[in-house]
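Enquirer: One structure coming up, written as C-alpha coordinates, with questions to follow.
The values are calculated or read from the model by the stated rules, or taken from the named source; none is laboratory data. Being a predicted model, the structure only gives us computed values, none of them experimental. We place every Cβ from the backbone using ideal geometry, glycine too, and count neighbours over all the protein chains shown. SASA here: full protein model, heavy atoms, side chains in, ligands and nucleic acids out. Shrake-Rupley method; radii C 1.70, N 1.55, O 1.52, S 1.80 Å.
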Protein chains: 2
Amino acid sequence: MQSVVNPGDHVIDATMGNGHDTLFLSQLVHTTGHVSAFDIQPTAIKSTAQLLSDNQIFDDNYTLYQVSHSKISEVIPKEHKIKAAIFNLGYLPGGDKTIITHHETSIPAIKQCLNLLETHGLVIVVLYYGHPGGEDEKKAIIDFAQSLDQHEFNVLQYQFINQIQAPPICLAFEKR
Amino acid sequence: MQSVVNPGDHVIDATMGNGHDTLFLSQLVHTTGHVSAFDIQPTAIKSTAQLLSDNQIFDDNYTLYQVSHSKISEVIPKEHKIKAAIFNLGYLPGGDKTIITHHETSIPAIKQCLNLLETHGLVIVVLYYGHPGGEDEKKAIIDFAQSLDQHEFNVLQYQFINQIQAPPICLAFEKR
(Lines give C-alpha, C1' and ligand atoms only; values in the text may rest on other atoms or scores of the structure.)
Protein backbone atom coordinates (compact mmCIF):
# COMPACT_ATOMS: atom_id res chain seq x y z
CA MET A 1 0.00 0.00 0.00
CA GLN A 2 2.87 2.38 0.86
CA SER A 3 4.44 1.78 -2.56
CA VAL A 4 1.19 2.59 -4.41
CA VAL A 5 -0.42 5.47 -2.48
CA ASN A 6 1.19 8.89 -2.74
CA PRO A 7 0.46 12.34 -1.33
CA GLY A 8 -2.51 13.87 -3.18
CA ASP A 9 -4.26 10.55 -3.93
CA HIS A 10 -7.91 9.77 -3.27
CA VAL A 11 -8.41 6.49 -1.41
CA ILE A 12 -11.21 4.58 0.32
CA ASP A 13 -11.40 2.86 3.70
CA ALA A 14 -14.39 0.60 3.08
CA THR A 15 -14.55 -0.75 6.64
CA MET A 16 -13.79 2.09 9.00
CA GLY A 17 -14.21 0.20 12.29
CA ASN A 18 -11.94 1.73 14.88
CA GLY A 19 -10.33 4.01 12.27
CA HIS A 20 -6.79 2.67 12.27
CA ASP A 21 -6.72 2.16 8.48
CA THR A 22 -8.38 5.55 7.95
CA LEU A 23 -5.54 7.13 9.92
CA PHE A 24 -2.90 5.08 8.08
CA LEU A 25 -4.34 6.10 4.68
CA SER A 26 -4.67 9.76 5.76
CA GLN A 27 -0.97 9.81 6.55
CA LEU A 28 -0.13 8.32 3.14
CA VAL A 29 -2.24 10.77 1.10
CA HIS A 30 -1.06 13.64 3.29
CA THR A 31 -2.70 17.05 3.36
CA THR A 32 -3.16 17.18 -0.43
CA GLY A 33 -5.11 13.89 -0.67
CA HIS A 34 -8.42 12.62 0.60
CA VAL A 35 -9.74 9.53 2.39
CA SER A 36 -13.39 8.51 2.05
CA ALA A 37 -14.26 6.11 4.87
CA PHE A 38 -17.40 4.00 5.31
CA ASP A 39 -19.18 2.30 8.20
CA ILE A 40 -22.82 1.84 9.10
CA GLN A 41 -22.19 2.06 12.85
CA PRO A 42 -22.33 5.48 14.54
CA THR A 43 -19.68 4.38 17.08
CA ALA A 44 -17.21 3.82 14.21
CA ILE A 45 -17.70 7.38 12.96
CA LYS A 46 -17.24 8.75 16.45
CA SER A 47 -14.09 6.83 17.36
CA THR A 48 -12.50 7.38 13.94
CA ALA A 49 -13.14 11.14 14.10
CA GLN A 50 -11.52 11.18 17.55
CA LEU A 51 -8.50 9.14 16.40
CA LEU A 52 -7.92 11.41 13.39
CA SER A 53 -8.27 14.52 15.50
CA ASP A 54 -5.85 13.14 18.10
CA ASN A 55 -3.34 12.69 15.27
CA GLN A 56 -3.73 16.19 13.82
CA ILE A 57 -5.52 14.99 10.68
CA PHE A 58 -7.92 17.77 9.63
CA ASP A 59 -11.40 17.20 8.27
CA ASP A 60 -10.74 18.64 4.83
CA ASN A 61 -8.55 15.55 4.28
CA TYR A 62 -11.25 12.98 4.97
CA THR A 63 -14.97 12.29 4.82
CA LEU A 64 -16.56 9.76 7.18
CA TYR A 65 -19.74 8.28 5.70
CA GLN A 66 -22.26 6.51 7.92
CA VAL A 67 -23.29 4.51 4.87
CA SER A 68 -22.97 0.84 3.89
CA HIS A 69 -19.93 0.17 1.73
CA SER A 70 -22.34 -1.44 -0.75
CA LYS A 71 -23.41 2.13 -1.56
CA ILE A 72 -19.97 3.53 -2.35
CA SER A 73 -20.98 4.12 -5.98
CA GLU A 74 -23.92 6.25 -4.81
CA VAL A 75 -21.60 8.49 -2.82
CA ILE A 76 -18.41 8.68 -4.88
CA PRO A 77 -18.97 9.91 -8.44
CA LYS A 78 -17.47 7.56 -11.02
CA GLU A 79 -15.25 10.30 -12.46
CA HIS A 80 -13.60 10.51 -9.06
CA LYS A 81 -10.99 7.77 -9.50
CA ILE A 82 -9.27 6.20 -6.49
CA LYS A 83 -5.70 4.96 -6.09
CA ALA A 84 -6.55 2.40 -3.43
CA ALA A 85 -9.15 0.89 -1.13
CA ILE A 86 -8.92 -1.25 2.01
CA PHE A 87 -11.45 -3.79 3.28
CA ASN A 88 -11.26 -5.69 6.57
CA LEU A 89 -13.98 -8.29 6.26
CA GLY A 90 -15.51 -10.64 8.80
CA TYR A 91 -15.58 -9.32 12.33
CA LEU A 92 -13.63 -6.51 13.91
CA PRO A 93 -10.62 -8.16 15.62
CA GLY A 94 -10.92 -7.45 19.31
CA GLY A 95 -14.54 -6.38 18.80
CA ASP A 96 -17.99 -7.94 18.85
CA LYS A 97 -17.97 -11.20 16.83
CA THR A 98 -21.73 -10.98 16.25
CA ILE A 99 -21.28 -7.86 14.13
CA ILE A 100 -19.96 -9.27 10.88
CA THR A 101 -19.79 -8.39 7.21
CA HIS A 102 -21.64 -10.43 4.57
CA HIS A 103 -20.68 -11.23 1.00
CA GLU A 104 -24.08 -10.00 -0.21
CA THR A 105 -22.87 -6.48 0.56
CA SER A 106 -19.07 -6.86 0.58
CA ILE A 107 -18.79 -8.23 -2.98
CA PRO A 108 -20.81 -5.34 -4.50
CA ALA A 109 -18.65 -2.97 -2.44
CA ILE A 110 -15.42 -4.51 -3.78
CA LYS A 111 -16.79 -4.34 -7.35
CA GLN A 112 -17.64 -0.65 -6.92
CA CYS A 113 -14.11 0.07 -5.70
CA LEU A 114 -12.59 -1.91 -8.60
CA ASN A 115 -14.68 0.21 -10.99
CA LEU A 116 -13.28 3.40 -9.44
CA LEU A 117 -9.67 2.21 -9.49
CA GLU A 118 -6.94 4.02 -11.43
CA THR A 119 -4.52 1.96 -13.55
CA HIS A 120 -2.00 0.28 -11.19
CA GLY A 121 -4.28 1.14 -8.29
CA LEU A 122 -4.79 -1.41 -5.53
CA VAL A 123 -7.70 -2.86 -3.56
CA ILE A 124 -6.62 -4.82 -0.48
CA VAL A 125 -9.10 -7.19 1.15
CA VAL A 126 -8.24 -8.81 4.50
CA LEU A 127 -10.55 -11.72 5.28
CA TYR A 128 -11.14 -12.80 8.87
CA TYR A 129 -13.22 -15.96 8.78
CA GLY A 130 -12.87 -17.67 12.17
CA HIS A 131 -16.50 -16.94 13.12
CA PRO A 132 -19.91 -18.42 12.30
CA GLY A 133 -20.65 -17.54 8.66
CA GLY A 134 -17.02 -16.63 8.03
CA GLU A 135 -16.29 -19.58 5.76
CA ASP A 136 -19.25 -18.65 3.52
CA GLU A 137 -18.05 -15.09 3.03
CA LYS A 138 -14.47 -16.30 2.45
CA LYS A 139 -15.53 -18.80 -0.21
CA ALA A 140 -17.81 -16.32 -1.99
CA ILE A 141 -15.13 -13.63 -2.10
CA ILE A 142 -12.37 -15.96 -3.30
CA ASP A 143 -14.71 -17.33 -5.99
CA PHE A 144 -15.46 -13.76 -7.07
CA ALA A 145 -11.75 -12.87 -7.11
CA GLN A 146 -10.88 -15.92 -9.22
CA SER A 147 -13.55 -14.96 -11.74
CA LEU A 148 -11.98 -11.59 -12.60
CA ASP A 149 -10.45 -11.24 -16.06
CA GLN A 150 -6.66 -11.62 -15.76
CA HIS A 151 -6.24 -9.02 -18.51
CA GLU A 152 -8.04 -6.46 -16.36
CA PHE A 153 -6.78 -7.28 -12.84
CA ASN A 154 -3.94 -9.15 -11.18
CA VAL A 155 -5.32 -10.83 -8.06
CA LEU A 156 -2.75 -12.03 -5.53
CA GLN A 157 -3.86 -14.14 -2.55
CA TYR A 158 -1.55 -14.44 0.45
CA GLN A 159 -1.71 -15.72 3.99
CA PHE A 160 0.44 -17.13 6.78
CA ILE A 161 -0.36 -20.83 6.62
CA ASN A 162 1.32 -22.27 9.72
CA GLN A 163 -0.58 -20.27 12.33
CA ILE A 164 -3.24 -21.78 14.50
CA GLN A 165 -6.65 -20.04 14.80
CA ALA A 166 -7.53 -19.27 11.16
CA PRO A 167 -4.97 -16.62 10.17
CA PRO A 168 -6.51 -13.93 7.93
CA ILE A 169 -6.31 -14.25 4.14
CA CYS A 170 -5.25 -11.21 2.12
CA LEU A 171 -6.32 -10.50 -1.44
CA ALA A 172 -4.63 -7.77 -3.46
CA PHE A 173 -6.41 -6.62 -6.64
CA GLU A 174 -4.24 -4.56 -8.96
CA LYS A 175 -5.85 -2.76 -11.91
CA ARG A 176 -3.84 -3.50 -15.06
CA MET B 1 14.65 -11.64 -1.51
CA GLN B 2 16.31 -8.29 -2.36
CA SER B 3 15.36 -6.93 1.05
CA VAL B 4 16.88 -9.92 2.89
CA VAL B 5 20.05 -10.83 0.97
CA ASN B 6 23.01 -8.48 1.25
CA PRO B 7 26.54 -8.40 -0.15
CA GLY B 8 28.69 -10.95 1.70
CA ASP B 9 25.88 -13.41 2.42
CA HIS B 10 25.94 -17.14 1.76
CA VAL B 11 22.86 -18.37 -0.13
CA ILE B 12 21.67 -21.52 -1.88
CA ASP B 13 20.03 -22.08 -5.26
CA ALA B 14 18.51 -25.51 -4.67
CA THR B 15 17.24 -25.96 -8.23
CA MET B 16 19.86 -24.55 -10.58
CA GLY B 17 18.09 -25.37 -13.88
CA ASN B 18 19.09 -22.78 -16.44
CA GLY B 19 20.94 -20.73 -13.83
CA HIS B 20 18.82 -17.58 -13.80
CA ASP B 21 18.31 -17.66 -10.03
CA THR B 22 21.98 -18.50 -9.49
CA LEU B 23 22.87 -15.36 -11.44
CA PHE B 24 20.28 -13.27 -9.59
CA LEU B 25 21.59 -14.47 -6.20
CA SER B 26 25.23 -13.94 -7.27
CA GLN B 27 24.44 -10.32 -8.04
CA LEU B 28 22.78 -9.87 -4.62
CA VAL B 29 25.64 -11.38 -2.58
CA HIS B 30 28.16 -9.55 -4.76
CA THR B 31 31.86 -10.38 -4.81
CA THR B 32 32.08 -10.82 -1.03
CA GLY B 33 29.34 -13.47 -0.82
CA HIS B 34 28.84 -16.97 -2.10
CA VAL B 35 26.13 -18.94 -3.92
CA SER B 36 25.99 -22.74 -3.59
CA ALA B 37 23.85 -24.12 -6.43
CA PHE B 38 22.52 -27.66 -6.90
CA ASP B 39 21.27 -29.75 -9.81
CA ILE B 40 21.65 -33.41 -10.73
CA GLN B 41 21.72 -32.70 -14.47
CA PRO B 42 25.09 -32.05 -16.15
CA THR B 43 23.42 -29.71 -18.67
CA ALA B 44 22.31 -27.46 -15.79
CA ILE B 45 25.88 -27.13 -14.53
CA LYS B 46 27.13 -26.34 -18.02
CA SER B 47 24.54 -23.71 -18.93
CA THR B 48 24.72 -22.06 -15.49
CA ALA B 49 28.53 -21.81 -15.64
CA GLN B 50 28.20 -20.22 -19.08
CA LEU B 51 25.52 -17.75 -17.93
CA LEU B 52 27.59 -16.69 -14.90
CA SER B 53 30.72 -16.31 -17.00
CA ASP B 54 28.83 -14.24 -19.59
CA ASN B 55 27.79 -11.93 -16.75
CA GLN B 56 31.29 -11.51 -15.28
CA ILE B 57 30.54 -13.55 -12.17
CA PHE B 58 33.77 -15.25 -11.11
CA ASP B 59 34.01 -18.77 -9.78
CA ASP B 60 35.27 -17.83 -6.34
CA ASN B 61 31.75 -16.41 -5.78
CA TYR B 62 29.85 -19.62 -6.48
CA THR B 63 30.03 -23.40 -6.36
CA LEU B 64 27.94 -25.51 -8.73
CA TYR B 65 27.22 -28.96 -7.27
CA GLN B 66 26.07 -31.80 -9.51
CA VAL B 67 24.35 -33.29 -6.47
CA SER B 68 20.70 -33.82 -5.52
CA HIS B 69 19.36 -31.01 -3.34
CA SER B 70 18.32 -33.74 -0.89
CA LYS B 71 22.04 -33.97 -0.06
CA ILE B 72 22.62 -30.29 0.75
CA SER B 73 23.40 -31.17 4.38
CA GLU B 74 26.16 -33.55 3.22
CA VAL B 75 27.82 -30.76 1.25
CA ILE B 76 27.27 -27.61 3.32
CA PRO B 77 28.58 -27.89 6.89
CA LYS B 78 25.93 -27.00 9.45
CA GLU B 79 28.09 -24.21 10.92
CA HIS B 80 27.96 -22.54 7.52
CA LYS B 81 24.68 -20.63 7.97
CA ILE B 82 22.78 -19.31 4.96
CA LYS B 83 20.76 -16.11 4.56
CA ALA B 84 18.45 -17.50 1.88
CA ALA B 85 17.60 -20.37 -0.44
CA ILE B 86 15.46 -20.60 -3.58
CA PHE B 87 13.57 -23.65 -4.88
CA ASN B 88 11.70 -23.88 -8.18
CA LEU B 89 9.76 -27.12 -7.88
CA GLY B 90 7.82 -29.12 -10.43
CA TYR B 91 9.13 -28.86 -13.97
CA LEU B 92 11.42 -26.32 -15.52
CA PRO B 93 9.14 -23.74 -17.22
CA GLY B 94 9.91 -23.86 -20.92
CA GLY B 95 11.78 -27.15 -20.43
CA ASP B 96 11.03 -30.86 -20.49
CA LYS B 97 7.85 -31.59 -18.49
CA THR B 98 8.91 -35.20 -17.93
CA ILE B 99 11.84 -34.09 -15.78
CA ILE B 100 10.17 -33.13 -12.53
CA THR B 101 10.99 -32.80 -8.85
CA HIS B 102 9.42 -35.07 -6.24
CA HIS B 103 8.42 -34.34 -2.67
CA GLU B 104 10.38 -37.37 -1.45
CA THR B 105 13.53 -35.39 -2.20
CA SER B 106 12.31 -31.78 -2.22
CA ILE B 107 10.90 -31.83 1.34
CA PRO B 108 14.17 -33.16 2.86
CA ALA B 109 16.00 -30.50 0.82
CA ILE B 110 13.75 -27.71 2.16
CA LYS B 111 14.23 -29.03 5.72
CA GLN B 112 17.99 -29.00 5.31
CA CYS B 113 17.91 -25.40 4.12
CA LEU B 114 15.62 -24.38 7.00
CA ASN B 115 18.16 -25.96 9.40
CA LEU B 116 20.94 -23.86 7.88
CA LEU B 117 18.97 -20.60 7.93
CA GLU B 118 20.11 -17.55 9.89
CA THR B 119 17.55 -15.67 12.00
CA HIS B 120 15.34 -13.59 9.65
CA GLY B 121 16.72 -15.60 6.74
CA LEU B 122 14.35 -16.66 3.97
CA VAL B 123 13.61 -19.82 1.99
CA ILE B 124 11.46 -19.19 -1.11
CA VAL B 125 9.72 -22.14 -2.76
CA VAL B 126 7.96 -21.64 -6.09
CA LEU B 127 5.66 -24.56 -6.90
CA TYR B 128 4.74 -25.36 -10.51
CA TYR B 129 2.14 -28.10 -10.42
CA GLY B 130 0.41 -28.15 -13.84
CA HIS B 131 1.93 -31.50 -14.78
CA PRO B 132 1.26 -35.17 -13.98
CA GLY B 133 2.30 -35.69 -10.35
CA GLY B 134 2.35 -31.95 -9.69
CA GLU B 135 -0.71 -31.94 -7.44
CA ASP B 136 0.87 -34.63 -5.21
CA GLU B 137 4.06 -32.64 -4.71
CA LYS B 138 2.07 -29.43 -4.11
CA LYS B 139 -0.12 -31.04 -1.46
CA ALA B 140 2.81 -32.71 0.31
CA ILE B 141 4.82 -29.48 0.44
CA ILE B 142 1.92 -27.33 1.65
CA ASP B 143 1.11 -29.94 4.32
CA PHE B 144 4.74 -29.86 5.41
CA ALA B 145 4.77 -26.04 5.46
CA GLN B 146 1.59 -25.90 7.56
CA SER B 147 3.12 -28.29 10.08
CA LEU B 148 6.04 -25.99 10.96
CA ASP B 149 6.03 -24.44 14.43
CA GLN B 150 4.81 -20.83 14.14
CA HIS B 151 7.23 -19.86 16.91
CA GLU B 152 10.14 -21.01 14.77
CA PHE B 153 9.06 -19.97 11.25
CA ASN B 154 6.60 -17.60 9.57
CA VAL B 155 5.29 -19.32 6.45
CA LEU B 156 3.55 -17.07 3.92
CA GLN B 157 1.77 -18.62 0.93
CA TYR B 158 0.94 -16.42 -2.06
CA GLN B 159 -0.23 -16.84 -5.62
CA PHE B 160 -2.10 -15.07 -8.39
CA ILE B 161 -5.51 -16.68 -8.26
CA ASN B 162 -7.28 -15.36 -11.36
CA GLN B 163 -4.90 -16.75 -13.96
CA ILE B 164 -5.76 -19.69 -16.14
CA GLN B 165 -3.29 -22.61 -16.45
CA ALA B 166 -2.35 -23.30 -12.81
CA PRO B 167 -0.34 -20.20 -11.82
CA PRO B 168 2.60 -21.11 -9.54
CA ILE B 169 2.22 -21.00 -5.77
CA CYS B 170 4.93 -19.29 -3.73
CA LEU B 171 5.86 -20.20 -0.17
CA ALA B 172 8.13 -17.93 1.88
CA PHE B 173 9.63 -19.43 5.05
CA GLU B 174 11.14 -16.85 7.40
CA LYS B 175 13.25 -18.03 10.34
CA ARG B 176 12.06 -16.24 13.49
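Enquirer: Which residues, counting only those in the range A:119-164, are more than 30 Å from B:Glu152 (Cα to Cα), facing chain B (nearest Cβ under 7 Å) and either in contact with a strand residue (DSSP E or B) (Cβ under 7 Å, 6 or more places away or on another chain) or among the aliphatic types (A, V, I, L, M) (or both)?
Expert: A:Ala145, A:Leu148, A:Phe153, A:Asn154
Enquirer: Another question, then. For the subset of the range A:98-134 comprising residues that are of a type in the set (S, T, N, Q) and modelled with pLDDT of 90 or more, which member is least open to solvent (accessible area, probe 1.4 Å)? Explain how you work it out, then say what you get.
Expert: So the first thing to find is which residues in the range A:98-134 are of a type in the set (S, T, N, Q), and the list is A:98, A:101, A:105-106, A:112, A:115, A:119.
From the residues that got through so far, the ones that are modelled with pLDDT of 90 or more too are A:105-106, A:112, A:115, A:119.
On the way: A:Thr105: 52, A:Ser106: 0, A:Gln112: 30, A:Asn115: 117, A:Thr119: 82 Å².
Only one residue fits best here, namely A:Ser106.
Enquirer: Continuing with this model, one more query. Filtering the range A:75-97 down to residues that are touching a Pro at 6+ places or on another chain (Cβ under 9 Å) and open to solvent by 30 Å² or more (accessible area, probe 1.4 Å), which residue is farthest from A:Glu137 (Cα to Cα)?
Expert: The residue in question is A:Pro93.
Enquirer: On to the next question. Can you tell me which residues in the range A:18-41 are farther than 13 Å from A:Ser53 by Cα and open to solvent by 70 Å² or more (accessible area, probe 1.4 Å)?
Expert: Of everything in the range A:18-41, those that are farther than 13 Å from A:Ser53 by Cα and open to solvent by 70 Å² or more (accessible area, probe 1.4 Å) turn out to be A:His30, A:Thr31, A:Thr32, A:Ile40.
Enquirer: If you check A:Glu137 against the conditions, is it modelled with pLDDT of 95 or more and either on the phi < 0 side of the Ramachandran plot or of a type in the set (Asp, Glu) (or both)?
Expert: No; evaluated as a whole, the condition is false for this residue.
Enquirer: Next question, about the same structure. State yes or no: is B:Lys111 of a type in the set (Lys, Arg) and under 14 Å from the mean Cα position of the chain (by Cα)? Break it down stepwise before answering.
Expert: Values: of a type in the set (Lys, Arg): yes; under 14 Å from the mean Cα position of the chain (by Cα): yes.
So B:Lys111 fits the description; yes.
Enquirer: Condition check: surrounded by 13 or more Cβ atoms within 10 Å (Cβ to Cβ) and not in a helix (DSSP H, G or I). Does A:Ile72 satisfy that?
Expert: In short, no.
Enquirer: To continue, here is another question. Here are A:Ala172, A:Ala140: which of them is open to solvent by less than 30 Å² (accessible area, probe 1.4 Å) and part of a strand (DSSP E or B)? Please lay out each step first, then the result.
Expert: Values: A:Ala140 fails: part of a strand (DSSP E or B).
Among A:Ala172, A:Ala140, only A:Ala172 is open to solvent by less than 30 Å² (accessible area, probe 1.4 Å) and part of a strand (DSSP E or B).
Enquirer: Quick check on the range B:83-133: of everything there that is among the small types (Gly, Ala, Ser) and in a strand (DSSP E or B), which residue is farthest from B:Gly19 (Cα to Cα)?
Expert: My answer is B:Gly121.
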